[in-house]
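Peer 1: Structure in structure tokens, see below.
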Amino acid sequence: MMSLQDYEWCFRAALLRISALINSAANGFDQAFFQKTDRAMFDQLHDRIAEFVRMHQVGYDEYNLNDEYNAENFFYPSLQLNKGARSSVTVNYRLTKTFLDWSHQRLRWPIGTDEELERAHFENDEVFISACAVNYLVKNLWHNYVHVAVQGITEANYRKFRGEARFDSDFEADNLATLLLLKSYGLPVLARGRPPSKPARIDALLRRNACNLVFQERARHRHQDRVGMSRLERYQDAEWRFFRRICNRLSTALAAAGLAARSLRVFADGEIRQARDGEVIFPKRNVIVEFTPRRYYTGLPVYVPREECDDIEMTESRRRSIDGFRNRRIADIIAVSLASYAEDIRGDRNLAADAADQLDSLWRRLALSN
């Protein structure tokens, strides 16, 4: 689909795009600047790349070449922010060979019609898939940026943030990464419930983002992780992944509707408990969604199939059936919570102002101009 050399360039283009936004206020980069193509932006800033971006690629550990080791210990890239020349912020990025190779191998054509993907805006298939790859990496980089710049979670201290702290940090990072992705391409991030002027443009950008299965590839190689889990741990892991799917899809739905939220979290009611004989009891747990100022009880239960709790091998047919049901449940949860939030925001001027002010405050804190 794309040579490894061309794919490496996509990392540099993505890094340059996020660094340009990080440095936008100091350099006067406006919305029109971020609407440029990846190549046009790269060419315009070519002489300043070293000021904005430093990328270092780390080779494989020659003593531990098996995939399971690399999936567990040598997968995640790291990102640091340093003051550079002319008071600019330099994005320092350490790219592992595992992430480079696996994300290259699992790059795929995004799902959607040519019209939904705005395929006509790209001169050929090569330019289109390159733009999709950059788009995916931009959001991934913003996720890492939120951990570092907003939450203070770094490569040095991330192991201290486990359990619920990790889950909650990922909800916030996923949501803000979606909003920063839109800003990176010069698209509006609206919070008061007024629909964007070009919703199809936002929808197409977010559809093109779904073009890489690198994290599924990592999960495929982490055999011992699930073998060592208790039934309760498997349930909690599956439930968290279900919540995270909701969070990601809801974040994009909110942004497309002009209802972007400063934070987005997903919970469930009910209590998981353990009987005296050691059997774990999983009650029906209904999903609760929080948008920055409000929480909504959806009345729709968490969906974790028995096979995921008991680590049972599934046929491809059963896997497809589970995926289909899960996607329908998530769509229902999004429809219920989005409708409730939209009604509240559009019916309460003060609530709408609060939602917008919280986002504006964050952009000021991060010194983002557009």
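Peer 1: Answer yes or no as to whether L21 is in contact with a helix residue (DSSP H, G or I) (Cβ under 6 Å, 6 or more places away or on another chain) and crowded, with 16+ Cβ neighbours inside 10 Å. It would help to see each step written out before you state the result.
Peer 2: Details: in contact with a helix residue (DSSP H, G or I) (Cβ under 6 Å, 6 or more places away or on another chain): yes; crowded, with 16+ Cβ neighbours inside 10 Å: yes.
The answer is yes for L21.
Peer 1: For E62, are the conditions met, namely being modelled with pLDDT under 95 and either over 18 Å from V138 (Cβ atoms) or of a type in the set (D, E, K, R) (or both)?
Peer 2: Judged against the criteria, E62 is a match.
Peer 1: Which residue, of L181, L259, L264, is free of Cβ contacts under 8 Å to residues at least 60 places away in the same chain and within 29 Å of N23 (Cα to Cα)?
Peer 2: So the residue among L181, L259, L264 that is free of Cβ contacts under 8 Å to residues at least 60 places away in the same chain and within 29 Å of N23 (Cα to Cα) is L181.
Peer 1: Now, a different point. Are any residues in the stretch 186-211 in contact with a Pro (Cβ under 9 Å, 6 or more places away or on another chain) and closer than 24 Å to R241 by Cβ, and if so, which ones?
Peer 2: R207, R208, N209, A210, C211
Peer 1: Kindly list the number of the only condition in (1) within 12 Å of the chain's Cα centre (by Cα); (2) not in a helix (DSSP H, G or I) that fails for N135.
Peer 2: Only one criterion in (1) within 12 Å of the chain's Cα centre (by Cα); (2) not in a helix (DSSP H, G or I) is unmet by N135, namely (2).
Peer 1: Given the options R166, R207, name the one that is under 27 Å from I288 (Cα atoms), in contact (Cβ under 8 Å) with a residue 40 or more places away in the chain, basic (K, R) and not in a loop (DSSP other than H, G, I, E, B).
Peer 2: The unique qualifying residue is R207.
Peer 1: For the stretch 93-126, what are the residues that are among the hydrophobic types (A, V, I, L, M, F, W, C), surrounded by 14 or more Cβ atoms within 10 Å (Cβ to Cβ) and over 16 Å from D6 (Cβ atoms)?
Peer 2: F99, W102, L117
Peer 1: Has the stretch 213-234 got any residue that is in contact with a His (Cβ under 9 Å, 6 or more places away or on another chain), more than 23 Å from F267 (Cα to Cα) and surrounded by 19 or more Cβ atoms within 10 Å (Cβ to Cβ)?
Peer 2: If we filter the stretch 213-234 for residues that are in contact with a His (Cβ under 9 Å, 6 or more places away or on another chain), which is where we start, we get 214.
Now drop any that are not more than 23 Å from F267 (Cα to Cα), which leaves 214.
Adding the requirement that they be surrounded by 19 or more Cβ atoms within 10 Å (Cβ to Cβ) leaves 214.
Within the stretch 213-234, one or more residues are in contact with a His (Cβ under 9 Å, 6 or more places away or on another chain), more than 23 Å from F267 (Cα to Cα) and surrounded by 19 or more Cβ atoms within 10 Å (Cβ to Cβ).
The values are calculated or read from the model by the stated rules, or taken from the named source; none is laboratory data. Computed from a prediction, not measured in an experiment: that's the story for all the values here. Neighbour counts are summed over all protein chains in view; Cβ atoms, including those assigned to glycine, are modelled from backbone coordinates with ideal geometry.
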